[in-house]
Every structure is written in structure tokens, then in C-alpha cells.
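Heads up, the thing below is written out as C-alpha cells.
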Amino acid sequence: MGNGTCTSNLTVIEMLTDVARAVKEHYGVSLRFVEILGKRWSCIAGIENDELSFLPMARIEINARYGIISEQWYDIPAGERAAIMVRVRCIVESYGQG
């Protein structure tokens, strides 16, 4: 996962999907980004896991409006999860989505 600025001509959904793709390639972990609508978490971007799994989904809030769901989030080392969250928050905030 590389560092860099958050500015780009890509949309927030494209950028979040790029993050999900990189996480999948590097860690083998699928991420889905969601919009939080009360109790409902509605998928807006990311990588779908094609395999049926009985693992519980981790629900991680990015901010009050957006979150991440993943079956294997905690398989990523803690420091690297933190770096991913910094990147994702930067993307969301830079697009005024926070």
C-alpha cells in the first residue's frame, strides 16, 4: 500500500475500489465500502467475495456516513489496517463526503 496525496481525477467510488483491489492483491482480503443509512449499511464500492462464507462480517466505521465491511479485516496486521484507514479517510474527506 503506497503513500501519496488524496487528490485525483477519479471519483471517490473509483478510488475506494482501487484501495479494495490493492488490499485484495496484497493481503487476500475483500473489502466492501458502504454508505451507512441508519441501521442499514449499503454497498457502494469494493470487491465482492465470490465464495460463500460463514465468517462474521467486521463492520468498521470510516466516519458517520461511510464504513467498511469485511470477513477478514482482522487478518491484516494492525499497523497496516491503521494505514489503510488513514488513506480511506483521506479519500472520503478530500471529496467532501465526510
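The values are calculated or read from the model by the stated rules, or taken from the named source; none is laboratory data. Treat the numbers as computed from the prediction; the structure is a model and nothing was measured. All Cβ positions, even for glycine, are placed from backbone atoms using ideal geometry, and neighbour counts span all protein chains on display.
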Pairs under 7 Å by beta carbon, first residue touching a residue at least 60 places away in the same chain (Cβ under 8 Å) in segment 17-29, partner outside any helix (DSSP H, G or I), six or more apart or different chains?
-> V23/V29; V23/L31
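Quick one: how many residues across segment 33-50 are assigned to a loop (DSSP other than H, G, I, E, B) and either modelled with pLDDT of 90 or more or under 16 Å from G67 (Cα atoms) (or both)? Break it down stepwise before answering.
Step one: of segment 33-50, the residues assigned to a loop (DSSP other than H, G, I, E, B) are 38-39, 47-50.
Now narrow it down to the ones that are either modelled with pLDDT of 90 or more or under 16 Å from G67 (Cα atoms) (or both): 38-39, 47-48.
Of the residues in that region, 4 qualify.
From the residues in segment 53-77 that are farther than 21 Å from E93 by Cα and free of Cβ contacts under 8 Å to residues at least 24 places away in the same chain, which one is nearest to the chain's Cα centre (by Cα)? Let's see the steps before the verdict.
First pass over segment 53-77, keeping only residues farther than 21 Å from E93 by Cα: 53-58, 70-77.
If we keep only those that are free of Cβ contacts under 8 Å to residues at least 24 places away in the same chain as well, we get 53-58, 74, 77.
Working: S53: 19, F54: 20, L55: 18, P56: 17, M57: 13, A58: 11, Y74: 13, P77: 15 Å.
Only one residue fits best here, namely A58.
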Considering each of S53, S8, S30 in turn, give the residue that is of a type in the set (S, T, N, Q) and either at pLDDT 90 or above or touching a Leu at 6+ places or on another chain (Cβ under 6 Å) (or both).
-> S30
Residue check for A20: at pLDDT below 90 and buried (at least 16 other Cβ atoms within 10 Å of the Cβ) | no
